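**Q** One structure coming up, written as structure tokens, with questions to follow.
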Amino acid sequence: MSPATRIRTLASLRSRARGAVLFIALIVLVAMTLAGIAIMRSVDTATLIAGNLAFKQGTVQSADNGIEQGYQWLLANRPTLSLDNAAQGYNSGYSTPVWTNAASWVNSVTVGTDAAGNTISYQIHRMCNCANTTYNGVCAATALSNQCALDNPTGTGTPPPPSQGESFTIGAPGYLQDPRVYYRITVRTQGPRSTMSYIQAMVAVAL
């Protein structure tokens, strides 16, 4: 092989080597680009999830205001709690609506929107079988006694003398305080990014 031929052969090999290196470099560059995009998407997704969890926790905390507002309403309206009051989101009988159905919240009370952008609404159900009946009354539909969830603390030993509203029957227990009926307060909180929470609390209110 002549010197000129050898030089042309070496130049051709170098040219092919440079072409292979360029091809490999392009493949590595594409792979690094795809990896960078994947990392960016992963960071964005993690940030979005963390933000959603924070908004969800905010709706749960805001629900405390709805529970407090419902409880204060019960205390202020004790004489009329045996009757429905749809305008105030109050039901004197127990029921189990589908809370995720918007129609179940037509007769609810909207407390308002707090500084975090959470809109709070509540409903109250008296834990009794029959609506529009006193806790110890008779249900009009069944002619049976109304059954309510009550908290009736009684004394031990010799009961105190009965007072107004208690039984004067011999041997009847004497209550240490007025009987209390249980009420269920259900709060719906709607927050940013379509977050929504449903919180329930059971409270007892003296008759």
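The values are calculated or read from the model by the stated rules, or taken from the named source; none is laboratory data. Bear in mind the structure is a predicted one, so any value in this text is a computation, not a measurement. Neighbour counts are summed over all protein chains in view; Cβ atoms, including those assigned to glycine, are modelled from backbone coordinates with ideal geometry. Just so you know, the surface numbers come from the protein's heavy atoms only, side chains and all, with ligands and any DNA or RNA stripped out. Shrake-Rupley method; radii C 1.70, N 1.55, O 1.52, S 1.80 Å.
**Q** So for Arg184, Arg78, Arg193, what's the accessible-area order with a 1.4 Å probe, most first?
**A** Values: Arg184 15, Arg78 100, Arg193 130 Å².
Sorted descending by solvent-accessible area, the residues read Arg193, Arg78, Arg184.
**Q** Then there is this: Using 0.36 nm per residue, how much length does the chain from Asn136 to Asp151 gain when fully extended, once their Cα-Cα distance is taken away?
**A** Details: separation 15, 0.36 × 15 = 5.40 nm, distance 1.34 nm.
Stretched out fully, the Asn136 to Asp151 stretch lengthens by 4.1 nm.
**Q** Something else: With θ set to phi - 60°, apply the Karplus curve 6.51 cos²θ - 1.76 cosθ + 1.60 along region 32-40 and write out the HN-Hα couplings as whole Hz, x wherever there is a Gly or Pro.
**A** 5, 5, 5, 5, x, 4, 4, 5, 4
**Q** Once the whole set of protein chains is in place, how much accessible area is left on Thr113, using a 1.4 Å probe, in Å² to the nearest 10?
**A** Using a 1.4 Å probe on the heavy atoms, I get roughly 90 Å².
**Q** Can you check what the net charge comes to around Asn132, using other residues whose Cβ is under 13 Å from the Cβ of Asn132 (Lys, Arg +1; Asp, Glu -1)?
**A** Spelling it out: positives minus negatives among the neighbours equals 0.
**Q** Ordering Val30, Val187, Val111 by accessible area with a probe of 1.4 Å, largest first, what comes out?
**A** Result of the area sort, largest leading: Val30, Val111, Val187.
**Q** Still on this structure, I have one more. On a 1.4 Å probe surface of the protein chains, which of Asp84, Asp151 comes out largest in accessible area, and what is the full order?
**A** Ranking Asp84, Asp151 by accessible area, largest first, yields Asp84, Asp151.
**Q** In whole Hz, what ³J(HN,Hα) sequence does region 134-144 give by Karplus (6.51, -1.76, 1.60; θ = phi - 60°), x for Gly and Pro?
**A** Each residue of region 134-144 in turn: 4, 4, 10, x, 10, 5, 5, 6, 10, 6, 10 Hz.
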